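Following: one structure in structure tokens, then a few remarks.
Computed from the coordinates by the stated procedures, all read-outs in this text should not be read as laboratory data. Only a predicted model underlies this, so the values are computations on that prediction, with no experimental measurement involved. With ideal geometry, Cβ positions are generated from the backbone for all residues, glycine too; neighbour counts draw on all protein chains shown.
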Amino acid sequence: MNNIYIFGDTHGTHEIDKIFLVDEYEKDDFIIVCGDFGVLWKDEISPAESRIMNEISKLPCTLLFVDGNHENFNRLKKLKSVQKFGGVAGEYIKDKCYHLRRGEIYTLAGKNTFVMGGALSIDKRFRTPNVSWWADEAISDDELRRGVSNLKAFEKDIDLVITHTCPQSFLNFVARFISISHKQQDANPQKLQTLLEVLLDKMGGSKGSGFSRLVDTLKGQDKCVEWFFGHWHADFDFELPYIKAHCVYDLVHKIDKNGKRISAALSATTPSLYVGFEC
């Protein structure tokens, strides 16, 4: 088992460079971007995308991403579907870069990882459909059902969850760190809340009892899931019962071979960055 490095939104050429600042990647490591990957933006590969693809190809490890709300979903849907890491993924660069599909469960560096991309673009009225905004940004009912079904059928514990936005019950915590009023009309957190409750039920909560009751019935258990999300362009952590939540943007989180999580700031002048803080 090797390391997992988790990054927030990269927005294509705007912030993709941060994943290249780390100089300690090993062959069997995984890099995961929590949505708004944004590299596949134009309908055809642009010179800028080609340059990024070349840099990705030089990485010694595998780069993975969930989709956010700023993606060209027409491009993502055209990626070849392949069996990879125990689930179905979209192949962007063979053996190097893959789109983690909504509702899938993968095994990455020994961690059973559930993923669900998607969120609301609050600026979509300023964007052009199928040019700079795509309706597929929203989690569909079919994707939600597939996620619920996969979680219920999976016989092992879930260790990690990677999403773009976060469940509804996280929002009160998010609001302690940043203003969220401009994103309150997003229906996707409620769909993620459904998945969170299925996950807690899977961990031993009472079926159909609601979120508070699910939490109460889990008291005394040692199980804990690490949940990483982007979207909010901020870095903060908080804990709920049985969930350790991490909003990721400027920091990078490393889960090492022993399962210890370390987060640290990135710096172009100090790429060996894990003099950060343990969590």
Note on the range 1-67: alpha-carbon gyration tensor, axes a ≥ b ≥ c; rule is a/c under 1.5 for rounded, else prolate if a/b larger than b/c, else oblate; result prolate
In nanometres, what is the gap between the two model label sites at residue 239 and residue 258, each 7 Å from Cα along Cα-to-Cβ? 1.9
According to the square roots a ≥ b ≥ c of the eigenvalues of the Cα gyration tensor, what is the shape class of the chain, taking rounded for a/c under 1.5, prolate for a/b larger than b/c otherwise, and oblate for the remainder? rounded
For the pair residue 2 and residue 127, how long in nm is the line joining their label points, each one 7 Å along Cα→Cβ? 3.3
For the chain, built as a Gaussian network whose Cα springs stay under 10 Å, the top-fluctuating residue of 36, 28, 141: 141
Scoring only Lys, Arg, Asp and Glu (+1, +1, -1, -1) among other residues with Cβ under 14 Å from the Cβ of residue 44 yields +1
Tell me, 163, 113 in order of fewest to most beta-carbon neighbours within 10 Å? 113, 163
For residue 150 and residue 79 in one chain, what is 0.36 nm times their gap in residues minus the Cα-Cα distance, to one decimal in nm? 23.4 nm
Arrange the following residues from fewest to most other Cβ atoms within 10 Å of their Cβ: 85, 236. 236, 85
With unit charges on the beta carbons (Lys and Arg positive, Asp and Glu negative) and the dipole taken about the Cα centre of the chain, which residue among 65, 175, 86 sits farthest to the positive side? 86
With +1 assigned to the C-beta of every Lys and Arg and -1 to the C-beta of every Asp and Glu, and no other charges, what is the dipole magnitude of the chain about the Cα centre in debye, to the nearest 20? 600
Farthest positive-ward along the range 4-278 dipole, Cα basis, beta-carbon charges - from 12, 134, 204: 204
